[in-house]
Structure formats: C-alpha cells, structure tokens
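The structure appears right after this line, and notes come after that.
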Amino acid sequence: MLYIKFDIQDASAYQDFQKLYGHMVAVRQPDHEFDDDEDPDFDWDNMPQEEVTRSLEILDAFLDEAPQARRYKSLIPDYAHLFMGRYFQGAHQTLETLAIDDILSLFNYLEFDFEVDMNRLEKLGEASGIVEFSTGNYPFGGLERFFITLKAFGLIPTECFDGFTIAALQWKSAFEYTASELPERTKDYLRQYGNS
C-alpha cells in the first residue's frame with residue numbers, strides 16, 4: 001500500500017482537502033459521471049425582465065467556462081489556488097498572467113493522470129494524517145504534484161512509501177524538498193505485505 005503521511009497545519013483546510021479527496025475517489029469509480037455539464041435551470045416563463053437580463057449573464061458565464069474549470073473552482077479554495085499558482089509561476093509570469101490551463105493541468109492530474117485508487121484518508125492525531133492509495137501501474141503519475149496539492153491545503157508531507165522505498169521528507173522551501181530513504185523501515189513495511 002502506497003502512502004503519504006503529513007502534518008496538519010489547519011483543521012479547516014484538512015476538511016477542505018477531504019472534499020477534494022472525496023472527488024478523487026468518485027472520479028475513479030467505473031460508472032462515474034460528472035454532473036457539472038447541466039445548464040443552470042431558470043424559470044424563464046415566470047421571470048421578471050430584470051431577472052432575465054441577470055440570468056442571461058449567468059448563463060453566458062456558465063457557457064464560457066469549461067466543466068473542468070467549474071469543478072476546480074468548486075473544490076479548490078482560494079488559498080490553495082494561490083499556492084498552486086505560485087508553484088506554476090514561471091520566471092516571467094505573474095499570478096495575473098498565469099493561464100487557467102496551467103492550473104487545470106494539475107487538476108487534470110488529480111482527476112485522471114494520477115493513476116491510483118484512493119484507499120484511505122485518515123487523521124492519525126490532531127496534527128497528523130495519512131493518505132493511502134494503491135496502483136497496478138508503474139509509473140503512476142508520480143508523487144511530486146500530489147505533495148504540492150497536499151501542501152496547498154496546509155498538509156505538509158513528512159513521509160511516503162512510493163512502492164519501492166519509505167522516505168522521510170524534509171522541506172527546504174515551499175516547493176523543494178529532500179527525501180531520505182529509510183531502508184530498515186522499508187524492509188519492515190514490505191514484510192507486512194509478504195515482500196522482502
């Protein structure tokens with residue numbers, strides 16, 4: 001079982017991440033269908049004229065926005081969006097010029113390219129937690145972007161098992177870390193699953 005252990009910096013941000021985690025579980029179900037493609041429902045026949053104008057503006061905005069962007073906005077709070085934006089920010093980009101496509105590439109990874117089954121999200125105490133996942137695919141989309149997603153929600157990855165080794169993570173900056181392999185812990189962990 002692959003896992004990432006993390007420190008929780010803010011309990012409300014952890015709750016926000018639970019919503020995203022639930023979405024990640026749902027999109028991995030074989031019969032999953034997105035329900036965000038439906039147009040807003042208006043009672044055009046019984047609507048006063050001033051409401052018609054406002055409703056047309058809402059409908060225009062809805063039609064101009066991709067369904068994936070609507071899902072992103074409903075699941076990613078502003079503070080996490082800003083953090084992810086800083087991650088994608090290039091040397092000559094500002095957050096204002098950062099294209100939504102850059103950010104949506106990370107969201108696409110979370111929905112589709114992170115080829116894992118999400119098995120468990122749990123608090124290990126008030127200030128720590130674990131997310132466990134499994135995969136039959138190697139490579140499976142890598143962990144770095146998922147680390148960044150966790151950090152965007154104030155969940156600081158401290159340890160992971162990537163399918164090969166357990167590593168302790170030390171963060172040097174908001175986006176850079178070093179991973180120190182823990183071979184003895186890895187052997188013990190693999191023994192639990194009948195691998196050595």
- Query: Considering only Cα-Cα distances, which of the following residue pairs are longer than 23 Å: 19/172; 5/172; 151/172; 73/123; 123/172; 73/172?
  - Reply: 19/172; 73/123; 123/172; 73/172
- In the neighbourhood of residue 16 defined by beta carbon distances under 12 Å, the net charge of the other residues (Lys, Arg +1; Asp, Glu -1) is -1
- Message: At 0.36 nm per residue, and after removing the present C-alpha to C-alpha distance, how many nm does the segment from residue 130 to residue 34 gain when stretched out fully?
- Response: 31.8 nm
- Note on the structure: With every protein chain kept in place and a 1.4 Å probe, segment 105-196 has an accessible area per residue in Å² of 49
- Message: As a test question: what accessible area, to the nearest 10 Å², does residue 161 have when a 1.4 Å probe is rolled over all protein chains in place?
- Response: 10
- Message: Students often check this: by mean Cβ neighbours within 10 Å, which of 77-83, 16-22 ranks highest, and how do the rest follow?
- Response: 16-22, 77-83
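The values are calculated or read from the model by the stated rules, or taken from the named source; none is laboratory data. Just so we're clear, the structure is a prediction, and the values are computed from it rather than from any experiment. Cβ atoms come from the backbone with ideal geometry, glycine included; neighbour counts cover every protein chain shown. Side chains are part of the model used for accessible areas, which takes the heavy atoms of the whole protein and leaves out ligands, DNA and RNA. Shrake-Rupley method; radii C 1.70, N 1.55, O 1.52, S 1.80 Å.
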